[in-house]
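As structure tokens, the structure follows; a few thoughts come after it.
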Amino acid sequence: MKNISSVLLLSVGMMACGGKENQVTKPVDVLPMVQENGIKVVFPTSTSMQFFATETLGSSSLNDEITAPAKVSATVVSSQEGASQNIILFENSDLASNYTSLLQHLENIRQRATIIQQKKTIIARKKVEVSRFEDLQKNGAGTGKDVANAQVDLLSAETELAMVQNDLANEKTAIIEHETKLKTGGFNPEALRKASAGKAFIICDIPENQISKIKEGRNCTLQFTAFPNEKFTGKIEEVADVIDESTRMVKLRISLNNSEQKLKAGMFATVLFGVSEGSHINIDKNAVVTVQGKTYVFVKNVNNTFERREVNIGNQIGDRIVVFSGLQNGEAVAVKGVMQLKGLSFGY
């Protein structure tokens, strides 16, 4: 505080010496006054405030670019044997095994669904036979043995149906397990099954606090280590449903046209996302001071006064910081001499 007061006093003293050498000038008290427990710093003259530069606040849209390391996790190629399902070449062998098992379980479900329908048709026919033999027995045209045999056949068919239905339930349980592992790896099982040949899937990890800025369906730019002089355009397909507990990162899946098959599973890349913070009040990073976990700025008011103001801030984008609350458009905030104001306001 002594240094600031000395500078201000010296400045005014030098301006006062502009007259005659022998002229005796009246001392001017230029020491700032600290009021309201440091909330206000009052300067006696406007000249003594010239050391402190300010900027006038206004709302504007801030744009930023997020980068993230990535890898080609899978590519899609057509089957040379004419199979109805395209081939997915995974970088991760465990995911490849899960996807293959998933397809097999789906085929098993399809087969069992057909068998169940057949069993239900047989059961319906057996029920008719039981009713017919019971009627014949009532009218003296049939025997109890015929009824009993028909009932045994019906029970046997119902038992077989129950066994197939139990197998179907087990297949569905297995599917859930494989789908979960694929989702944890950043893949949507249905998207994989429907993926067309000539497509590549890129997986990257982004911090949890960046999720709200990433919008599914938007384009992004990719640069691959194997092709340093080329830029590729990909589409953000999906943000994964699972966040890693230890790293607080979430997987992001990007699709890319790979019809020329230049990209191979396992290749490294960097993804660039253009994001917007929207229109907010924002301030120069030099305007902000932090004391005991709270964030403050100094607002210039009338009567040569700076007011300490607590603010709620967001992300820093370049040299600008988003302000969510505490400031209004049109207010002037100190951007130079802020540390000196901090010393006067807080006493250190």
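Might you check whether a residue that is closer than 30 Å to Ser79 by Cα, among the polar types (S, T, N, Q) and assigned to a strand (DSSP E or B) occurs anywhere in the stretch 201-221? Yes, the stretch 201-221 contains a residue that is closer than 30 Å to Ser79 by Cα, among the polar types (S, T, N, Q) and assigned to a strand (DSSP E or B).
Please go through the stretch 225-241 and pick out each residue that is among the aliphatic types (A, V, I, L, M) and not in a strand (DSSP E or B).
Scanning the stretch 225-241 gives a single hit, Ala226.
When Lys342 is tested against the conditions (1) charged (D, E, K, R); (2) surrounded by 18 or more Cβ atoms within 10 Å (Cβ to Cβ); (3) in contact with a helix residue (DSSP H, G or I) (Cβ under 8 Å, 6 or more places away or on another chain), the lone failure is (3). A residue that is surrounded by 14 or more Cβ atoms within 10 Å (Cβ to Cβ), farther than 30 Å from Arg112 by Cα and polar (S, T, N, Q) can be found somewhere in the stretch 206-218. Only one of the numbered conditions (1) within 42 Å of the chain's Cα centre (by Cα); (2) among the β-branched types (Val, Ile, Thr); (3) modelled with pLDDT of 90 or more is violated by Val41, and that is (1).
Taking first residues from the stretch 331-348 that are assigned by TED's automatic domain parsing to the domain that holds Glu307 and in contact (Cβ under 8 Å) with a residue 24 or more places away in the chain and partners that are surrounded by 20 or more Cβ atoms within 10 Å (Cβ to Cβ) and of a type in the set (Asp, Glu), no Cβ contact under 9 Å between residues at least 6 apart in sequence or on separate chains turns up. A Cβ distance below 9 Å, combined with a sequence gap of six or more or placement on separate chains, defines the contacts here; from the stretch 190-201, residues that are at positive phi reach residues that are in a strand (DSSP E or B) and hydroxyl-bearing (Ser, Thr, Tyr) in the pairs Gly198/Thr75. Of the listed requirements (1) surrounded by 14 or more Cβ atoms within 10 Å (Cβ to Cβ); (2) at pLDDT 85 or above; (3) in a strand (DSSP E or B); (4) not small (Gly, Ala, Ser), Pro69 misses just one: (1). Answer yes or no: is there a residue in the stretch 266-277 that is surrounded by 13 or more Cβ atoms within 10 Å (Cβ to Cβ), among the aromatic types (Phe, Trp, Tyr) and touching a Cys at 6+ places or on another chain (Cβ under 9 Å). Looking through the stretch 266-277, at least one residue is surrounded by 13 or more Cβ atoms within 10 Å (Cβ to Cβ), among the aromatic types (Phe, Trp, Tyr) and touching a Cys at 6+ places or on another chain (Cβ under 9 Å).
Listed by position, the strands (runs of 3 or more DSSP E) contained in the stretch 276-348 that have at least 3 residues being within 21 Å of Ser46 (Cβ to Cβ) are 294-301, 305-310, 332-334.
The values are calculated or read from the model by the stated rules, or taken from the named source; none is laboratory data. Nothing here was measured: the structure is a model prediction, and the numbers come from that model. No Cβ is skipped: glycine too gets one built from the backbone with ideal geometry, and neighbour counts run over all protein chains shown.
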